[in-house]
Amino acid sequence: MITHKEAAALLREYSILLDLADADEFRARTFASASRQLEQQSRTLEDLIATGELRTIRGVGQSVETAILELVERETFADLEDARSKVPEGVVDLLRIEGLGPKKAKALWKQAKITSIDELETAIRGGTLPKLPGLGAKTLERFLTGIERLREHAGRHLRHHALAEAEDLTRVLSGIPGVVEVFFGGSLRRGCETIGDLDTILVAEPKRARSVLESALAMPFAEWKEPFDPICIGRTIHGIDIELSVCTPEQAPHRKLLATGSKDHLRHLAAAAKACGYELSDQGLLNRTRELVEAEDEAALYRLLEIEPVPPPLREAELPLGRAGSISYPRPVELADFRGIIHNHSTYSDGHHTLREMAEAMIEMGYEYLGIADHSQAAAYAGGLRPERVREQWEEIDSLNLELAPFRILKGTEVDILPDGSLDYADELLAGFDYVVASIHSSFNMTEAAATDRLCHALESPHVDILGHPTGRLLLRRDGYPIDHETVIACAAAHGKGIELNSNPHRLDLDWRWLPRCIEHEVPVPICPDAHSIDGLKDIRFGVDVAAKGPLSPDLCPSSWSAERFLDWCQSHS
């Protein structure tokens, strides 16, 4: 059955198509609003329909409900198909370019006859694009930069999209008779923030290996390219490249090691294998008679090479191999370590659930405290709170804390760092919060020096505890403003502050490559989902995956601290 997020995406596509086609503006807004609300639901679409609660969602009227019910039945709806027929597919692709919204796309299509990214690039570079309102030289230059970025990231996918695909494939493939295990290697297993393809291995009973492969290839989840042997290459119905192979349990340790990578890590292992009299081939670890060595698991293969087994998230180019027994890899923080979630939003600003709803969801999930950090007043587009509204929120939090004890809601804010590095609230108000997250949300066009100075100026404030999403990047869409990470991390260390690993899967900012420097400087790194809904609280899992590449320990992750320890730490540098 189609999920509520998939349904929301199709409703959003319909609203965009209506905008592009100059159709019913009110209907476009209605479906766009319903899409946002549906996406934030924590219950399944099946449950919402069965209980009759679908119509209670804000923005879901009769026309939207009819479309959703048709989606459940056919995974599409007639109005969507009609809208698609009226707008060239390439026009919708234009919206993938950063800064190019429906209004500009419509102008390019209707007035300049541009119907694809390639046509736009050719027209800009060739100087043949007619002059259009709002499309000056600087804007067109930004479009070219955006197009180059799309080319650079072509074939990459966000981690949560790839994980969802892998989980769906696991459910499908594990039902094939003879399948012992469904395994995914590559950048997905290594915890990377974006994924190229799904390196998929079906571990099968030896006598059924051939039938397992035939059954998998006959399933409709992907289109395949020939030839099929030894690795089948294709693309899933959701557009993610996949490499599929089958092996026996005896071969599995070798195949898992090879499929996990990275290429640099395997190159280091190949050198170690040669030094020990083995060969690391595309089949696995071979002995002097070119036979696969026997190994119970991947760890046994490392030990044969006299190397300490390396956890999958650390199998990257930057990590040198250590001799067996000479190194101990720290245990990374895990979901089970979390006691609270610090950076979240409510309906006071741009969140989709109330304080009570967020708190009750946290209690049900087994947490001890919730940090609410709604936007400050400069973020008017996100319902940023004026000082009087902040005090109203504090009063509600006090009331809820009495009612929900021992669970606790912490009074926080995500205060804007203004262009000069000052903060969006006066010191007197900032002093009243339990904690302060400081983030940049505007004026991104900065030099590295200016951005670094802006962040460091904020970190020097006695009221700031945590730097939020330090570069403002959006994966596969926006690189973020350039900063001198070394200087920012050193500044945080000097003032006893933390740097957030924002685990929203579109951000995953702080970049994991800087986690070792934070660890070296003992800079605390809270893993924060920046949740704007109950469902968004679950995004911490993506931050945990990436944090293992540090590896970030529980002791350096405030999300695993008690509320008392977290608040004491906040007080220690104020």
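For this structure, a couple of remarks:
- Any hit, the range 34-49, residues being in a loop (DSSP other than H, G, I, E, B), more than 22 Å from the chain's Cα centre (by Cα) and among the polar types (S, T, N, Q): no
- Condition met for R389 (more than 25 Å from the chain's Cα centre (by Cα) and either farther than 20 Å from R43 by Cβ or of a type in the set (A, V, I, L, M, F, W, C) (or both)): yes
- Test: T30 is more than 20 Å from E89 (Cα to Cα), at pLDDT 90 or above and among the β-branched types (V, I, T): yes
- Hey, D509 modelled with pLDDT of 95 or more and of a type in the set (D, E) or not: yes
- Checklist (1) over 28 Å from the mean Cα position of the chain (by Cα); (2) at pLDDT 85 or above applied to L11, failing item: (1)
- Test: F184 is touching a strand residue (DSSP E or B) at 6+ places or on another chain (Cβ under 7 Å) and in contact (Cβ under 8 Å) with a residue 12 or more places away in the chain: yes
- Selection status of L95, within 30 Å of P529 (Cβ to Cβ), outside the structural domain of R189 (by TED's automatic domain parsing) and of a type in the set (A, V, I, L, M): yes
- Test result for T139, without any contact (Cβ under 8 Å) to a residue 60 or more places away in the chain and either closer than 26 Å to N445 by Cα or assigned to a helix (DSSP H, G or I) (or both): yes
- Among the residues making up the range 167-178, those that are buried (at least 19 other Cβ atoms within 10 Å of the Cβ) and outside any loop (DSSP other than H, G, I, E, B) are L169, L173.
- Restricting A438, A449, A373 to those that are part of a strand (DSSP E or B) and more than 18 Å from E357 (Cβ to Cβ) reduces the list to A438.
Residues are listed down the side, and each one gets a yes or a no for (1) without any contact (Cβ under 8 Å) to a residue 12 or more places away in the chain; (2) assigned to a loop (DSSP other than H, G, I, E, B); (3) hydroxyl-bearing (S, T, Y):
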{"residue": "G366", "(1), (2), (3)": "yes, yes, no"}
{"residue": "E396", "(1), (2), (3)": "no, no, no"}
{"residue": "V415", "(1), (2), (3)": "no, no, no"}
{"residue": "D453", "(1), (2), (3)": "no, no, no"}
{"residue": "S461", "(1), (2), (3)": "no, yes, yes"}
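- Qualifying residue in the range 195-205 (condition: out of contact with any Pro (no Cβ under 7 Å at 6 or more places or on another chain), hydroxyl-bearing (S, T, Y) and either under 15 Å from T170 (Cβ atoms) or assigned to a strand (DSSP E or B) (or both)): yes
- Residue pairs meeting the criteria (Cβ under 7 Å; at least 6 apart or on separate chains; first among the acidic types (D, E), in the range 510-533; second not in a helix (DSSP H, G or I)): D530/H343; D530/N502; D530/N504
A quick yes/no check of all residues on (1) under 24 Å from P312 (Cα atoms); (2) surrounded by fewer than 20 Cβ atoms within 10 Å (Cβ to Cβ):
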residue	(1), (2)
P220	no, yes
P227	no, yes
L244	yes, no
T260	yes, no
R267	yes, yes
L286	yes, yes
A299	yes, yes
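The values are calculated or read from the model by the stated rules, or taken from the named source; none is laboratory data. Here the structure is a predicted model, which is why all the values come from computation and not from measurement. Note that each Cβ is placed from the backbone with ideal geometry, even for glycine, and that neighbours are counted across all protein chains shown.
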